[in-house]
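Here is the structure we will look at, set down as structure tokens.
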Amino acid sequence: MANRLDGRKIAILATDGFEQVELTEPMKALKDAGATVAVVSPKSGSIKGFKHDKPGDDVTVDQELSSADPAAFDGLLIPGGLFNPDTLRRDPKAVAFASAFFEAGKPVAAICHGPQLLITAGVVKGRKMTGFEAIQIDLKNAGAVVSDEPVVVDQGLVTSRKPDDIPAFNAKMIEEFAEGRHAGQRAA
């Protein structure tokens, strides 16, 4: 069946301050498509979600970043939120983890502020992307070709703007993850 992720393992890279629906709804969609999903975080135990600027629910961390091997995963999801990407982009291990997916040509999906981590990883130049309105200028300054659309796909890289875009984001994320490696992803 098309767009099934049976046998695929997807990493969700996140820490405290992720936008709750940008982790939980894509995670549910990935699991419903048959993927095995692991929340990877710089910390162990659980991480705290946010519903915009209000504290949300905790999500269990499946694997600490320090022991996570990007080679063990078929794709990467980076949820947004105000605090999550900002914390991750200052963590060299998180930057290296995200970069490894690009080096291997594996699909990556990032929503809202999530692409900030990709800016720091140096993988956005020349890529067609979108992100939350406030970071679109940052993406342009880093060399991305930015459009203000619900979802943008470029050779295995799926980006989206905000929680309202999650249905379109999920559909394209699953499609790209089902396709697997993309030569154009490696070129970044």
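Quick one: which of GLU149, GLU175, GLU179 is over 17 Å from ILE78 (Cα atoms) and touching a residue at least 60 places away in the same chain (Cβ under 8 Å)? I'd like the intermediate steps shown before the answer.
Numbers: GLU149 fails: touching a residue at least 60 places away in the same chain (Cβ under 8 Å); GLU175 fails: over 17 Å from ILE78 (Cα atoms).
Sole residue among the options that is over 17 Å from ILE78 (Cα atoms) and touching a residue at least 60 places away in the same chain (Cβ under 8 Å): GLU179.
Do we have any residue at all in region 27-46 that's open to solvent by 20 Å² or more (accessible area, probe 1.4 Å), among the small types (Gly, Ala, Ser) and in a strand (DSSP E or B)?
For region 27-46, residues open to solvent by 20 Å² or more (accessible area, probe 1.4 Å), among the small types (Gly, Ala, Ser) and in a strand (DSSP E or B): present.
From ASP16, ASP58, ASP53, which residue is modelled with pLDDT of 95 or more and either hydroxyl-bearing (Ser, Thr, Tyr) or open to solvent by 70 Å² or more (accessible area, probe 1.4 Å) (or both)?
Numbers: ASP16 fails: either hydroxyl-bearing (Ser, Thr, Tyr) or open to solvent by 70 Å² or more (accessible area, probe 1.4 Å) (or both); ASP53 fails: modelled with pLDDT of 95 or more.
The unique qualifying residue is ASP58.
Anything in region 125-143 that is among the small types (Gly, Ala, Ser) and open to solvent by less than 10 Å² (accessible area, probe 1.4 Å)? List them, or say none. Step through it out loud before you land on a result.
Filtering region 125-143 for residues among the small types (Gly, Ala, Ser) gives 126, 131, 134, 142-143.
Within region 125-143, just GLY131 meets the criteria.
Quick one: which of GLY105, GLY81 is over 25 Å from ALA178 (Cα atoms), open to solvent by less than 20 Å² (accessible area, probe 1.4 Å) and in contact (Cβ under 8 Å) with a residue 40 or more places away in the chain? Quick ask: steps written out before the conclusion?
Working: GLY105 fails: over 25 Å from ALA178 (Cα atoms).
Only one candidate passes the filter, namely GLY81.
Report yes if GLY17 is farther than 17 Å from LYS93 by Cβ and touching a residue at least 60 places away in the same chain (Cβ under 8 Å), otherwise no.
Values: farther than 17 Å from LYS93 by Cβ: yes; touching a residue at least 60 places away in the same chain (Cβ under 8 Å): yes.
Answer is yes for this residue.
Go through the residues of region 113-124 one by one and say whether even a single one is touching a helix residue (DSSP H, G or I) at 6+ places or on another chain (Cβ under 6 Å), open to solvent by 50 Å² or more (accessible area, probe 1.4 Å), within 30 Å of SER46 (Cβ to Cβ) and among the polar types (S, T, N, Q).
Scanning region 113-124, I find at least one residue that is touching a helix residue (DSSP H, G or I) at 6+ places or on another chain (Cβ under 6 Å), open to solvent by 50 Å² or more (accessible area, probe 1.4 Å), within 30 Å of SER46 (Cβ to Cβ) and among the polar types (S, T, N, Q), so the answer is yes.
Would you check which residues across region 120-143 are touching a residue at least 24 places away in the same chain (Cβ under 8 Å) and of a type in the set (A, V, I, L, M, F, W, C) and list them? Step through it out loud before you land on a result.
The first filter runs over region 120-143 and keeps only residues touching a residue at least 24 places away in the same chain (Cβ under 8 Å), leaving 120-121, 123-133, 139.
Passing the criteria: ALA121, VAL123, VAL124, MET129, PHE132, LEU139.
The values are calculated or read from the model by the stated rules, or taken from the named source; none is laboratory data. The structure presented is a predicted model; accordingly, all values stated were derived computationally and were not measured. All Cβ positions, glycine included, derive from the backbone under ideal geometry; neighbour counts span all protein chains shown. Heads up: the accessible areas ignore ligands, DNA and RNA and are worked out on the full protein's heavy atoms, side chains in. Shrake-Rupley method; radii C 1.70, N 1.55, O 1.52, S 1.80 Å.
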